Amino acid sequence: MRQGAQGSAETGAPWTAVGRAGAGVPAGSGAPAAQARVPQQAGAVRGEHTHSEPPLPVVPRARPVVQRASVRGQILDALRAALVAGDLRPGEVYSAPVLGERFGVSATPVREAMQQLALEGAVEVVPNRGFRVVERGVRELAELAEVRALIEVPVMLRLARTVPAERWAELRPLAEATVRAASSGCRATYAESDRGFHRAVLSLSGNVQLVQIAEDLHRRAQWPLVGGGPGIRGRADLVADAHEHTALLDALVARDLDVVRALVGEHFAGAAAAG
């Protein structure tokens, strides 16, 4: 852990520079790429023109909104992955300038991404210092698992009665992808794949609001506990969790409602117990 530029504690974990070549952001800054210059005649530099030549048209400078949003999005994804992996530890305070140095961008996109994480409840603002990662206990994780079960179990039971087997077969590659992600042993990689599978299942309901709420709850359930750090759920735990996805698909295809109910409940309870 090292002290940040504004007195914030840092973990010293490895970070990947974001927004260098692809986003057009030079290392160490979040500034947009330089705009192309419009050739000007002599005398036009001072806003003047001769009587024999018309004035040059004023060319508006395009605002690289997409570029900035892309950098901010990359930073947000990287910070979310760092939360799940345990690189951003519960209770620690991180400053935007120091994180910006690690990502190779200015503090602005980091600060904007952290503000989004604050809205999601992952961090809280510490005036004049930065952002503190929220500390969570086992009780909160258990509560999230209970709420997820209340929302997703009834939906999956309804889908099991109505969705044809061929539609479930289309989700088989996503379930298998979660097993491969779990085999890597990387919590962040598995977390993203896990959310993708559940999102695809719930999307069959056609209820966009439900999918968004479930996604938010799922993401919050993946944040580490106090003192958890990376590696609390080992590779074997992740693989066992991932195989429940394929088992769930088999039950949905067979329309075995009892097995669906049991698998989803155990899936959430197991994630909550592992932390």
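The values are calculated or read from the model by the stated rules, or taken from the named source; none is laboratory data. Computed from a predicted structure; not experimentally measured. Neighbour counts run over all protein chains shown; Cβ positions are idealised from the backbone, glycine included. All accessible areas refer to the heavy atoms of the entire protein, side chains included, with ligands and DNA or RNA removed. Shrake-Rupley method; radii C 1.70, N 1.55, O 1.52, S 1.80 Å.
With +1 assigned to the C-beta of every Lys and Arg and -1 to the C-beta of every Asp and Glu, and no other charges, what is the dipole magnitude of the range 135-247 about the Cα centre in debye, to the nearest 20?
Charge dipole, the range 135-247, about its Cα centre: 80 debye, nearest 20.
Could you state the accessible area per residue of the range 168-226 in Å², with a 1.4 Å probe and every protein chain left in place?
43
Taking only the C-alpha atoms, wrap a convex hull around the range 139-224 and report its volume per residue in Å³ as a whole number. Each step should come with its number before you reach the end.
Working: hull volume 7.6 nm³, N = 86.
Hull volume over Cα atoms, normalised by residue count, gives 88 Å³.
What are the radius of gyration and Dmax of the range 181-225, computed over its Cα atoms and given in Å?
11.4, 33
Taking amide H atoms as placed 1.01 Å from N in the peptide plane, list the residues 5 or more away in sequence, or in a different chain, whose amide H sits under 5 Å from that of residue 129.
none
Taking K and R as +1 and D and E as -1, what net charge do the other residues with C-beta under 9 Å from the C-beta of residue 215 add up to? Numbers along the way, then the final one.
Numbers: positive: 195, 199, 219; negative: 216.
Computed value for this residue: +2.
Per residue Cα convex hull volume for the range 94-158, in cubic angstrom? Intermediate results must be reported in sequence, preceding the final value.
Numbers: hull volume 7.7 nm³, N = 65.
That works out to 119 Å³ per residue.
Can you work out the FRET efficiency for the pair residue 180 and residue 126, with r the C-beta to C-beta distance and R0 = 45 Å, to the nearest 0.05?
Rounded to the nearest 0.05, the efficiency is 0.70.
Per-residue counts of other Cβ atoms within 10 Å, averaged by peptide: what ranking do you get for 156-168, 181-193, 99-111, highest first?
So the order, starting with the most tightly packed, is 99-111, 181-193, 156-168.
To one decimal place, what Kirkwood hydrodynamic radius in Å is obtained for the range 60-205 from all pairs of distinct Cα atoms?
17.9
Taking the Cα centre of the range 84-131 as origin, work out the dipole magnitude from +1 charges on Lys and Arg Cβ and -1 charges on Asp and Glu Cβ, in debye rounded to 20.
100
Among 157, 145, 118, pick out the residue whose Cα is farthest towards the positive end of the charge dipole of the range 110-157, where Lys and Arg carry +1 and Asp and Glu carry -1 on C-beta, about the Cα centre.
Farthest along the dipole direction, towards plus: 118.
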